[in-house]
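Student: Structure in structure tokens, see below.
The values are calculated or read from the model by the stated rules, or taken from the named source; none is laboratory data. Just so it is clear, the model here is predicted, and its values are computed rather than measured. Reconstructed Cβ throughout: ideal geometry from the backbone, glycine too, with neighbour counts over all protein chains shown. Keep in mind that these areas ignore ligands, DNA and RNA; they rest on the heavy atoms of the full protein, side chains included. Shrake-Rupley method; radii C 1.70, N 1.55, O 1.52, S 1.80 Å.
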6 protein chains.
Amino acid sequence: MPQPDHVMALPLPEKPELDPDMQALFDKCVEKLGFVPNVLQAYSLRPKKLRNFAVVYNELMLGESGLSKLEREMIAVVVSSANHCYYCLVAHGQAVRKLSGDPELGEMLVANYRVAPLEPRRRAMLDFAWKLTKEPMSVGEPDREALRAVGFSAEDIFDIADTVGFYNMSNRLATAVDMIPNREYHSQDR
Amino acid sequence: MPQPDHVMALPLPEKPELDPDMQALFDKCVEKLGFVPNVLQAYSLRPKKLRNFAVVYNELMLGESGLSKLEREMIAVVVSSANHCYYCLVAHGQAVRKLSGDPELGEMLVANYRVAPLEPRRRAMLDFAWKLTKEPMSVGEPDREALRAVGFSAEDIFDIADTVGFYNMSNRLATAVDMIPNREYHSQDR
Amino acid sequence: MPQPDHVMALPLPEKPELDPDMQALFDKCVEKLGFVPNVLQAYSLRPKKLRNFAVVYNELMLGESGLSKLEREMIAVVVSSANHCYYCLVAHGQAVRKLSGDPELGEMLVANYRVAPLEPRRRAMLDFAWKLTKEPMSVGEPDREALRAVGFSAEDIFDIADTVGFYNMSNRLATAVDMIPNREYHSQDR
Amino acid sequence: MPQPDHVMALPLPEKPELDPDMQALFDKCVEKLGFVPNVLQAYSLRPKKLRNFAVVYNELMLGESGLSKLEREMIAVVVSSANHCYYCLVAHGQAVRKLSGDPELGEMLVANYRVAPLEPRRRAMLDFAWKLTKEPMSVGEPDREALRAVGFSAEDIFDIADTVGFYNMSNRLATAVDMIPNREYHSQDR
Amino acid sequence: MPQPDHVMALPLPEKPELDPDMQALFDKCVEKLGFVPNVLQAYSLRPKKLRNFAVVYNELMLGESGLSKLEREMIAVVVSSANHCYYCLVAHGQAVRKLSGDPELGEMLVANYRVAPLEPRRRAMLDFAWKLTKEPMSVGEPDREALRAVGFSAEDIFDIADTVGFYNMSNRLATAVDMIPNREYHSQDR
Amino acid sequence: MPQPDHVMALPLPEKPELDPDMQALFDKCVEKLGFVPNVLQAYSLRPKKLRNFAVVYNELMLGESGLSKLEREMIAVVVSSANHCYYCLVAHGQAVRKLSGDPELGEMLVANYRVAPLEPRRRAMLDFAWKLTKEPMSVGEPDREALRAVGFSAEDIFDIADTVGFYNMSNRLATAVDMIPNREYHSQDR
């Protein structure tokens, strides 16, 4: 059964004209990861959006925040589980395995975060992420209060909401254009 | 019955320390709109994200694209209708009224885009936006084909998906922190 | 983008044969509102049902009840928001704006009643209305008890249920035959 | 396991003050059916609404229409199946058994109308009823066209929509106040 | 309106080759019930699965358990109500009528178990059955705790889950192949 | 972050009294797999059901059928994806990786089978499995016809429905008692 042979279902420019800083980003990916993530290649169809995506992503996932990098990746996986997004489950599932050193945790979050033996802070964070993804119109003060009760600050709540929002965006873009993740993720950190 | 007295449910910095370019953006909003949109004020809780939001938003809604500005606003309203996002329905409903010169069109998209007498291109675009919002995992090649059939290019399809994604993000952030839109929108372009 | 040019998608009698009391009702509408609401014109396809609709409507929305007229209109808008009914959101959204003197309240109920700063009585009433609309089979004694707890009597609970029911009826009829509201509503009480 | 001992969960007036025409209606029920349907007893809490309900009901279910009485009862049962309304399934399930002379048809419509071996006209009618009940916002011109294709006139479509609407109303009222059907229905026409 | 004339929508073997023990089972059904349940006839298309089904069914519904036979039948009906399975609602609705001696209880569980005046043990059992059927991924420790609180043992909880699971299986098989129940059930125990 | 330390959330017998044939089954598992699957250990709480489960499972997944063993495992994973069942996604995801020799196929089916580049037969089979899992009451003749159109026989359709049913059963049992899969699955066949 052959694998999908595309980066995404939309045609990519044969020779993407990348600005120097974007070319540098691609080079850095190859150096550090061994490959350019397909999401970046897909964005090369719309070069201005590529740069914006990279900037937003770096601040969201790597910038200063009361949420650890692992926690941000956990949100990414749980949102993607709710939305059944193949690209994001593969790429961020691998990140959870790597950052946690716990391959099973990654699989639990892919399947159903409720089975994971989480401390209350993280369970509350993921309950919020699931609800905000599945029925955003029902989220209100009691949900914010549940986050405060386990110690999240106002900035943390903003960051949780922003991260949930971001993956609801990227899940939909990835599914809409049928982005396929690089194969390297599958075998890493198992 | 008093109105909500907040920009959002999370506390804002008393004196937000805005970088000069962000201060310039706020000043420009006051000059052009008469007010700083509350979404920007809300983001001042996380200044680095404020700049990124502004940059992404400008490219998405005002940058070069095969989608007209009105069409992008139409997507914003239809996604926000599916997600019942008050902030975005008010702010982008006004934009549709203004850009279309048709106040009823704005109201139709807020309530149920299916009642609007749309040309096939726009109906297909909004059908795609609704489905990608409500059941992203079900979107596939037949849905992309329906967009191509009414003339959308690969870049256009990318931009439609990106716009649908963006408002699925901003709807969730706005609802999660209870952002309230500026009152000025309500009476404009009726 | 042209507006829908019809009262409803079904053909209307060219010269509706209205009984004298119905003709009087139409005349009174023109005198008081400046127009005959399209819902009444649509019902002229089935004249006997027109009279019944008018009688039921008057008792429901204007008759003696423990619910204020504004509260009944609030229920109408929240049910119509859950059902995405364009006709009823436009007509009853205007009624909420007028009766409350608060245009923003009307918009909040159209989009998502949960963002409105409501007193507990009204919040409980609208929570009941939303649940009874979206998942009627789940409503039970705890839901009735929540209404009693904020002071509603047995008659009030009956009237709330009856009003929720009525708009679940009229939303479906209006959508099924594609009733379009009179344009006059859009600009009133903004 | 004792049965519910109430007409509805709200208290009824000890001695309902019925106007003479309503008393006559109750008397006629006892004469013809052997009992007063509990829905009428429940409405005696709000006597003005009782009369309106009776008038609307008679026109809807017994008045002149292109839909046969059996067809109207079939819609009642299918809507009530979608909404899991005990009262209406019992009362109108009996009516389908009686009018069709086919007890199994009644049971099929209670459980899942899709298993019934229906002629195309009735299958189209019930498909419309189910969709308009479960996702009213999605009903549009193709759905009306499907009704026209099997021979329904404009008046018939109006009546189908009205009947679907009516039971979406009465299902919600009956569930909200926990109306229990008279026991007599259960054993009739089996 | 003719009834379905089939055992199921898939063709049955003209002369099913039943092993002797299966033939004995069929003979025993005729002797005790007056007919061979159509579910068994349907399974004769796949004789090895027929035997397994019979064995599992007997242990599940008739074997030793902390759940009474009536309770197991109640679960069968409530799961089938959630899934709108005609075959199982007819066959197990009859079983509830017979075992409880209460025809109305059977009808309540078919329509909406929440209207039945149940003791807390049975209400908790059926709440668990409904939730596990409709949103299995949301079931967790609080749901198990609610069962323990009304006295169910670990073995009982296993049996409840197993029974809910079994009817989620058989509902899907019956609907997928359009199994029609024997007519005898309809008039029994009314 | 510690892993769950249990086979399931219900207490297991300290020394399960296994009948000789069941003990032989457990021994054979250790010999062939290196471990006893936790689902079997969980069933040892109810020894009679253990034997039945093993017999049904063997016929379903290993018996003669027009469906290949891989196809049966593919159905298992897709049903479990719809139901977010951790145990079954882990155990049967590994089986798909092993039987197909294609680790990515396993991950695609876990996340969203619609992204997998499947031949029409398998895509039709999995579309049927998804629909029968998520909305069983909507499955009918057109769905069976879609299976016949890609070459499935009556027996095959029965087996597809039976397999979909079985995992709708086991997903619910596994989630209801919080079964945790053996760790060995995670790293196999990556």
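Student: With respect to the numbered conditions (1) assigned to a helix (DSSP H, G or I); (2) more than 7 Å from every other protein chain (Cβ to nearest Cβ), which one is the sole condition not fulfilled by residue F:182?
Tutor: (1)
Student: Tell me which helices (runs of 4 or more DSSP H) are completely within segment C:36-103 and hold 3 or more residues being within 21 Å of residue D:49 (Cβ to Cβ) and facing another protein chain (nearest Cβ under 9 Å), or say none if there are none. Quick ask: steps written out before the conclusion?
Tutor: Values: elements: C:38-43, C:47-62, C:69-83, C:86-100.
So the answer is C:47-62.
Student: Could you go through segment F:89-102 and let me know if any residue there is farther than 18 Å from residue F:185 by Cα and open to solvent by less than 10 Å² (accessible area, probe 1.4 Å). Give the steps one after another, and end with the answer.
Tutor: Filtering segment F:89-102 down to residues farther than 18 Å from residue F:185 by Cα leaves none.
Within segment F:89-102, not a single residue is farther than 18 Å from residue F:185 by Cα and open to solvent by less than 10 Å² (accessible area, probe 1.4 Å).
Student: Pick from D:114, D:172: which is open to solvent by less than 10 Å² (accessible area, probe 1.4 Å), more than 30 Å from residue C:13 (Cα to Cα) and either assigned to a helix (DSSP H, G or I) or touching a His at 6+ places or on another chain (Cβ under 6 Å) (or both)?
Tutor: On the way: D:114 fails: open to solvent by less than 10 Å² (accessible area, probe 1.4 Å).
Only one candidate passes the filter, namely D:172.
Student: Go through F:58, F:38 for me and flag whichever is more than 30 Å from residue F:151 (Cβ to Cβ), polar (S, T, N, Q) and outside the structural domain of residue F:113 (by TED's automatic domain parsing).
Tutor: Values: F:58 fails: more than 30 Å from residue F:151 (Cβ to Cβ).
After applying the criteria, what remains is F:38.
Student: Still on this structure: Which residues, taken from segment D:134-152, are in a helix (DSSP H, G or I) and at the interface with another protein chain (Cβ under 9 Å from one of its Cβ atoms)?
Tutor: Answer for segment D:134-152, where residues must be in a helix (DSSP H, G or I) and at the interface with another protein chain (Cβ under 9 Å from one of its Cβ atoms): D:136, D:137, D:138, D:141, D:143, D:144.
Student: Scan segment C:158-190 for residues that are touching a Cys at 6+ places or on another chain (Cβ under 7 Å) and closer than 27 Å to residue D:45 by Cα and jot them down.
Tutor: Of all residues in segment C:158-190, those touching a Cys at 6+ places or on another chain (Cβ under 7 Å) come to C:167, C:170-171, C:174-175.
Matches in segment C:158-190: C:167, C:170, C:171.
Student: For segment E:12-35, enumerate the residues that are in a loop (DSSP other than H, G, I, E, B) and in contact (Cβ under 8 Å) with a residue 12 or more places away in the chain. Step through it out loud before you land on a result.
Tutor: Going residue by residue through segment E:12-35, those that are in a loop (DSSP other than H, G, I, E, B) are E:12-19, E:34-35.
Scanning segment E:12-35 gives E:12, E:13, E:16, E:17, E:18, E:19, E:34, E:35.
Student: Pick from segment E:30-47 the residues that are surrounded by fewer than 16 Cβ atoms within 10 Å (Cβ to Cβ) and touching a helix residue (DSSP H, G or I) at 6+ places or on another chain (Cβ under 9 Å): which of them is farthest from residue E:172 (Cα to Cα)?
Tutor: Looking only at segment E:30-47, we keep the residues that are surrounded by fewer than 16 Cβ atoms within 10 Å (Cβ to Cβ), and these are E:30-35, E:47.
With the extra rule that they be touching a helix residue (DSSP H, G or I) at 6+ places or on another chain (Cβ under 9 Å), the set shrinks to E:33-35, E:47.
Values: E:33: 25, E:34: 26, E:35: 23, E:47: 19 Å.
Residue satisfying both the conditions and the ranking: E:34.
Student: Taking the residues in segment A:153-162 that are more than 17 Å from the chain's Cα centre (by Cα) and open to solvent by 10 Å² or more (accessible area, probe 1.4 Å) as candidates, determine which candidate is nearest to the other protein chains (Cβ to nearest Cβ).
Tutor: Among those residues, the one meeting the criterion is A:154.
Student: Does any residue of segment F:89-103 turn out to be within 19 Å of residue F:161 (Cα to Cα) and out of contact with any helix residue (DSSP H, G or I) (no Cβ under 6 Å at 6 or more places or on another chain)?
Tutor: no
Student: Considering each residue of segment C:175-190, count those that are without any contact (Cβ under 8 Å) to a residue 24 or more places away in the chain and open to solvent by less than 10 Å² (accessible area, probe 1.4 Å), and give that number.
Tutor: Going through segment C:175-190, the residues without any contact (Cβ under 8 Å) to a residue 24 or more places away in the chain turn out to be C:176, C:187.
From what is left, the residues that are open to solvent by less than 10 Å² (accessible area, probe 1.4 Å) are C:176.
The qualifying residues number 1.
Student: Another question, if that's okay. State whether the residues of segment D:28-51 include one that is farther than 17 Å from residue D:179 by Cβ and hydroxyl-bearing (Ser, Thr, Tyr).
Tutor: No: zero hits.
Student: Please go through segment B:66-82 and give me each residue that is open to solvent by 10 Å² or more (accessible area, probe 1.4 Å) and in contact with a Phe, Trp or Tyr (Cβ under 8 Å, 6 or more places away or on another chain), ordered by number.
Tutor: Scanning segment B:66-82 gives a single hit, B:66.
Student: Related question: Given (1) more than 20 Å from the chain's Cα centre (by Cα); (2) at the interface with another protein chain (Cβ under 10 Å from one of its Cβ atoms); (3) at positive phi, where does residue E:117 come up short, assuming only one miss?
Tutor: (3)
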